[in-house]
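The values are calculated or read from the model by the stated rules, or taken from the named source; none is laboratory data. Here the structure is a predicted model, which means the values were calculated and not measured. We place every Cβ from the backbone using ideal geometry, glycine too, and count neighbours over all the protein chains shown. The accessibility values were calculated without ligands, DNA or RNA, using every heavy atom of the protein model including side chains. Shrake-Rupley method; radii C 1.70, N 1.55, O 1.52, S 1.80 Å.
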Amino acid sequence: MAAEDTASTRLGAGRQHLRPLKRRGLVLLRLTAIVFAVLLFCEFLIYYLVIFRCSWPAVKTPADAGGLGTPEPVLRAMFLADTHLLGAVRGHWLDKLRREWQMERAFQTALWLLQPEVVFILGDVFDEGKWSSSQAWADDVGRFWKIFRHPPHVQLRAVAGNHDIGFHYQMNTYKIKRFEKVFNPERLFSWKGINFCVPGTQLPADSTGGPWLISCPCLSFVMINSVALEGDSCDICSGAEAELLEISHRLNCSREQEHRPQECGDRQRLPASAPILLQHFPLYRRNDANCSGKDAAPPDEKYTPFKERYDALSQEASRKLLWWLRPRLVLSGHTHSACEVLHGAGVLEVSVPSFSWRNRNNPSFIMKL
């Protein structure tokens with residue numbers, strides 16, 4: 001009898017001992033579920049919740065105005081800037097992992113929700129392209145295509161920035177060609193069979209650092225290597241200006257083909273409308289003092305004077321671009337902050353903020369139709 005009582009006592013003690021273990025197991029399971037839910041929300045779902053609030057601008061069609069005309073095709077374009085993919089020298093592996101995951105999730109979510117037809121990156125795609133070795137460059141390019149992967153029907157184009165090819169004193173033909181080999185536009189491509197676009201060739205064939213011209217019916221994009229607009233008559237700069245003059249002449253011929261067709265000869269005609277200018281450096285402005293909005297520069301940076309040919313293009317280069325190309329819109333990067341500026345006879349320039357969390361706490365992109 002005593003033995004039975006002893007056994008029962010031990011069994012009861014064992015059951016009492018198991019209860020705290022079960023409680024601990026349940027607490028641990030709940031904590032694990034909470035941590036998993038937080039990670040799922042902060043590292044995945046949050047991007048959908050934020051980007052879902054974005055929408056394309058409304059476009060008025062002839063039907064909206066009471067007309068019966070066929071609506072013109074619309075191009076959905078997304079503009080990013082200053083992704084600054086970290087390299088082998090200055091990029092810590094943990095920093096790379098974190099920043100690139102954020103950019104990848106943001107870009108892939110935007111691609112899925114917004115369905116853009118073309119994506120433009122306005123320079124400084126890479127952080128260390130100005131000095132990276134061939135192997136480091138290949139590694140960075142591989143990571144770029146993983147982060148910014150996209151389906152075949154989406155076009156991705158990029159202009160060179162000072163971190164991609166170096167400032168004027170670091171820039172050379174090898175770095176420019178290396179960049180263009182990655183982002184070289186095709187000769188002929190279409191967006192869903194609606195807009196047929198022909199990128200302009202580099203003139204001459206062995207030129208370096210000049211602008212690329214992408215044209216669609218009713219719309220043209222001129223993509224410029226703004227680092228080459230130093231104005232000191234270096235070989236790369238002279239070639240870039242010669243190409244700009246050629247594109248300017250072709251645009252002017254298209255605008256005035258009805259009045260002076262004999263001056264254009266057999267030149268390939270471009271849309272008669274004003275082009276959209278895409279570049280890394282902004283056109284000349286004194287500072288960001290007149291910029292406002294949540295993506296604008298912080299107050300302690302707004303009044304910092306811009307240095308010509310470093311923070312912005314020179315006044316001379318800016319005047320030439322506006323005079324030669326007469327754009328309807330200018331889009332630029334480099335400053336890492338958003339800004340809207342009117343130049344000359346009311347030409348709007350929009351500076352696109354950086355897309356990297358390393359450069360700002362609220363990276364963003366711009367959508368245009």
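Summary table
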item: Number of the condition not met by Gly346 [criteria: (1) buried (at least 16 other Cβ atoms within 10 Å of the Cβ); (2) at positive phi; (3) of a type outside the set (Val, Ile, Thr)]; result: (1)
item: Filtered residue count, region 323-333, keeping only those that are open to solvent by less than 30 Å² (accessible area, probe 1.4 Å) and in a loop (DSSP other than H, G, I, E, B); result: 2
item: Enumeration of residues in region 238-252 that are open to solvent by less than 10 Å² (accessible area, probe 1.4 Å) and without any contact (Cβ under 8 Å) to a residue 40 or more places away in the chain; result: Ala240
item: Members of region 319-350 that are hydroxyl-bearing (Ser, Thr, Tyr) and closer than 11 Å to Leu277 by Cβ; result: Ser332
item: Residue among Lys307, Lys368, Lys294 that alone is over 23 Å from the mean Cα position of the chain (by Cα), open to solvent by 40 Å² or more (accessible area, probe 1.4 Å) and either farther than 24 Å from Ala242 by Cβ or in contact (Cβ under 8 Å) with a residue 12 or more places away in the chain (or both); result: Lys307
item: Yes/no for Ala3 being at pLDDT below 85, among the hydrophobic types (A, V, I, L, M, F, W, C) and open to solvent by less than 90 Å² (accessible area, probe 1.4 Å); result: yes
item: Single residue of Arg360, Arg309, Arg319 found to be basic (Lys, Arg) and on the phi > 0 side of the Ramachandran plot; result: Arg309
item: Tyr284 being of a type in the set (Ser, Thr, Tyr), modelled with pLDDT of 95 or more and open to solvent by 10 Å² or more (accessible area, probe 1.4 Å); result: yes
item: Test set (1) without any contact (Cβ under 8 Å) to a residue 60 or more places away in the chain; (2) over 15 Å from the mean Cα position of the chain (by Cα) - Gly166 fails condition number; result: (1)
item: Considering residues of region 42-74 that are modelled with pLDDT under 70 and open to solvent by less than 60 Å² (accessible area, probe 1.4 Å) only, the residue nearest to the chain's Cα centre (by Cα); result: Thr61
